[in-house]
Amino acid sequence: MFDFLIDGFGVALTPLNLGLALLGALLGTLFGALPGIGPINGIAILMPLAYTLGLPAESSLILLAAVYTGAEYGGRMSSILLNVPGDAGAVMTTLDGYPLAQKGLAGPALGLSAVSSFLGATIAIIGLTLFAPLLADIAVMFGPAEFFALMIFAFSSMSVMMGKDPIKTAIGAVLGVLIGTVGIDSGTGVLRYTFGMPELYDGIDFVVMIIGLFAISEILLMLEHSQNTNDNGKLPPLGRVFVSLKEVLACKGAIGRSGLIGFIIGVLPGTGASVASAVSYTTEKRLSDKDNTFGTGDMRGLAAPESANNAAAVGSFVPMLTLGIPGSGTTAVLLGALMLYNITPGPMMFTERPEVAGGLIASLYIGNVVLLLLNLPLAGVFARVLTIPRWVLVPAIAILAFVGVYQLHSDLFAIYLMLVIGVFGYLLRKLGFSLAPVILGYVLGGLMEQNLRRALSISGGDTGILWQSGISLGLWIAAALLLVLPWLVPKLLVAARR
Amino acid sequence: MRIAADQVLGIALIGLAAFIAVQAIQLEIPFSYEPVGPKAFPLGLSILLTVLSLVLIFRPGANGQWPHKALALKLLLVLALLLAYAILFTQLGFIVSSLLVVTALARLFDATWGKALVTGVIMSVVGYFLFTAVLGISLPSGYWFASFI
């Protein structure tokens, strides 16, 4: 049953792939530590480079996955040291991490967060190894109707769980799906929304979309931060970056529970590290905060979200690898990267491309150990990254974005399109949208339409096929419940109290 | 009552939805065996978008902080710089265009002239050799300079 893992280690342990996992872990931690550049931005900037280097699919996926998990490590730096979360997944880390740093315990806090990240990720990687093949076996039975229902479920779970405004999350997803419809319709060859521009016949290119939406909009957004923040780039003293076994053992309950919570939330399609760390922190506060020390620099309050966000990052690979449905915005980007290689992730990947699925999972084991070894001794070095001024960072991002897009397309149209998408992304972010639903919609929209049309061709136009089978009916009901419950439950509770 | 940003957005999105629907209806489809053509999906999406936008109009969220005048001007400057970079990229080549744009960008992000120039020189020259020699990416060397290099 675990043949794929043994083969996978064979793939992951080749010198090239081992080197890439190391490089990815290093770059990912750096990207995560840089203010404003989270996992998605890091991957968006690196992806075209990985693609043009001519790396094979599994190597490029190993590199990008290492960047993803590395960035979850790096995100804690600015949370703990400066009280500025590097990305949404690291917000909860500030609650107890920053007070610890203020007490002069910045070093132990960084050490503890590295260890709990490692343990949380380990729990999730084992979960991934056990559950992914099982889920793939079930998913083989999925037909187009089931896949369509699954995507409806993914979108509704995303709308409810992601971001604070469900309506805007849903609008973002619809906009993403609409952007995905541009180009030649594969079923009939009809041109949709190309406005007579031949450059748009193949649709809006994935790399252009990602870089515009994340890198360019980030540049515009940073302009604002450079005016608002008055941080003078001074870091608190680190002290020893070391955490004793006793301190870790004191947090073992928090780490274990949060690892499990993080994994499960990560597996749910559409919900990622930010939800996982929030849920685990509140759970842990309720369970073990007897003396009201959470929020004032409690080690457990730091260990819980750190364990959970890394577990969720790994967990979100489960639906991506087995169902082809990404569990988070970042895995949506990875899914798109795989599509560049003409690999459509899904249940067949474990049998047809075992080197990709197995190699990725094996490389997660390796990358996780590498990250722990990197992060304990080098935390001081990574922390210095926080002091890089924006006037260095922004031009560097601009160069990487331009070179990345130019390299793939060598024409100006792609670069103009990238800028237009960048402005679009900036406006969305200013209006309170999160970009993850947009990218999920963009990646999944095409598949959603294909599956819908395929299902209806099979039934000859009878829409009944969409909820005929037990699996699809179950998914429709689950999707409906997800949408109704958050609105219904509080009202029922109020009614019950009367 | 002041109009919230979300309400403006909602109205704009309804306009977008109408545009999408009109475009979809006008699609001319050759004979097809499929029961569902390329029209249905965009039409469905435009209906969904309209419904969601209506909710947004009637229940707008809080107004975010919008850039004041000086900042908006800077934003436009950065955009203009990026646009200029796109145009100059092939005309002047990677090194010269990057030198100009990086220096200007660094200035806009509050670096001193000296620091900005040093950043520009290092990033354009080191970047060029890193991308071409180490990563094997071909970059434009520029029409003007092609004869010299």
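The values are calculated or read from the model by the stated rules, or taken from the named source; none is laboratory data. What you see is a predicted model; the values in this text were computed from it and never measured. In this analysis, Cβ positions are derived from the backbone assuming ideal geometry, glycine residues included, and neighbour counts consider all displayed protein chains.
Overview of values
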{"quantity": "Count - residues of the stretch B:45-98 that are touching a residue at least 12 places away in the same chain (Cβ under 8 Å), within 24 Å of the chain's Cα centre (by Cα) and not in a helix (DSSP H, G or I)", "calculated": "3"}
{"quantity": "Count of residues meeting criterion [at the interface with chain B (Cβ under 9 Å from one of its Cβ atoms) and at pLDDT 90 or above] in the stretch A:408-417", "calculated": "2"}
{"quantity": "Given (1) at negative phi; (2) out of contact with any helix residue (DSSP H, G or I) (no Cβ under 6 Å at 6 or more places or on another chain); (3) more than 7 Å from every other protein chain (Cβ to nearest Cβ), index of the condition residue B:81 fails", "calculated": "(2)"}
{"quantity": "Residues (among the polar types (S, T, N, Q) and crowded, with 21+ Cβ neighbours inside 10 Å) located in the stretch A:441-498", "calculated": "A:451, A:472"}
{"quantity": "Residue list for the stretch A:160-175, filter: of a type in the set (Val, Ile, Thr) and within 7 Å of chain B (Cβ to nearest Cβ)", "calculated": "A:167, A:171, A:174"}
{"quantity": "Selection from the stretch A:176-208 of residues that are more than 7 Å from chain B (Cβ to nearest Cβ), in contact with a helix residue (DSSP H, G or I) (Cβ under 6 Å, 6 or more places away or on another chain) and in a helix (DSSP H, G or I)", "calculated": "A:176, A:179, A:180, A:199, A:206, A:207, A:208"}
{"quantity": "Residue B:118 vs. criteria surrounded by 14 or more Cβ atoms within 10 Å (Cβ to Cβ) and part of a helix (DSSP H, G or I)", "calculated": "yes"}
{"quantity": "Selection count where residues are at pLDDT 85 or above and of a type outside the set (A, V, I, L, M, F, W, C), scope the stretch A:8-41", "calculated": "9"}
{"quantity": "Residue B:101 being facing chain A (nearest Cβ under 10 Å) and under 22 Å from the mean Cα position of the chain (by Cα)", "calculated": "yes"}
{"quantity": "Selection status of residue B:92, more than 10 Å from every other protein chain (Cβ to nearest Cβ) and surrounded by 19 or more Cβ atoms within 10 Å (Cβ to Cβ)", "calculated": "yes"}
{"quantity": "Residue within the stretch A:108-124 that is buried (at least 23 other Cβ atoms within 10 Å of the Cβ) and either free of Cβ contacts under 8 Å to residues at least 60 places away in the same chain or in contact with a Cys (Cβ under 8 Å, 6 or more places away or on another chain) (or both) present", "calculated": "yes"}
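This table checks each residue for (1) touching a Cys at 6+ places or on another chain (Cβ under 6 Å); (2) charged (D, E, K, R); (3) closer than 24 Å to residue A:180 by Cα; (4) within 8 Å of chain B (Cβ to nearest Cβ).
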| position | (1), (2), (3), (4) |
| --- | --- |
| A:406 | no, no, yes, yes |
| A:419 | no, no, yes, yes |
| A:435 | no, no, yes, no |
| A:439 | no, no, yes, no |
| A:444 | no, no, yes, no |
| A:447 | no, no, yes, no |
| A:467 | no, no, no, no |
| A:482 | no, no, no, no |
